[in-house]
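A short worksheet on the structure shown next.
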Amino acid sequence: MKKLFITLCGIAVLSGLSNFAYAEGKGCPTDKFSPEMKGKMHQNFTPEQREQMKAKMQQKKAEFEARLKLTPDQKEKMKAIHESAKCKIQPLFESMKTERAKLKQLKESGASQQEIQAQKAKVLKIREQIKAVRKSNFEQIQAILTPEQQKEFNKMHEEHKQFKNQKNKFEEKQ
């Protein structure tokens, strides 16, 4: 279970899901974020909690790199891939949030099925764009790994999928 958790954290760090760099002003130019998004990034966490999360993510990243036995050159390439993915995916997440809110509003206001379906199509289009960025990120990572590392990375990816499926099943029961 511990290995699975470490794997999941490592994949999350490398797949563009970590927002810590944004909060520190690193990564993408800050003009890509709305003032609302900037304010919400860590509004629910105390400075101590943010530091603890940052330290834990750095530890998980180090464990991930150790499990793959990455060279310093690979680490640098991985960092560049990660930064690039963050710049592409963060605006998509913001758009997704906006479009989902619009969809919810349409449903609550009793809008026509046609309007709701059109809005659902917008949400699905953004979801597909997010999937494309993640797939590209995955492929770029695969390209810098040796065959042995690729096998381990694929194994880690499968473990992540299994955990995600178990988590979804658990959430559905509640």
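Residue-by-condition table, conditions (1) of a type in the set (Ser, Thr, Tyr); (2) more than 29 Å from Gln149 (Cβ to Cβ):
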residue	(1), (2)
Thr46	yes, yes
Ala80	no, no
Lys88	no, no
Met96	no, yes
Ile126	no, yes
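Picking from Leu68, Leu92, Leu124, Leu106, which residue would you name as being assigned by TED's automatic domain parsing to the domain that holds Glu152 and of a type outside the set (Lys, Arg)?
It is Leu68.
The values are calculated or read from the model by the stated rules, or taken from the named source; none is laboratory data. All figures in this text were calculated on a predicted structure; none of them were measured in a lab. Here Cβ is always computed from backbone atoms with ideal geometry, including for glycine, and neighbour counts include all displayed protein chains.
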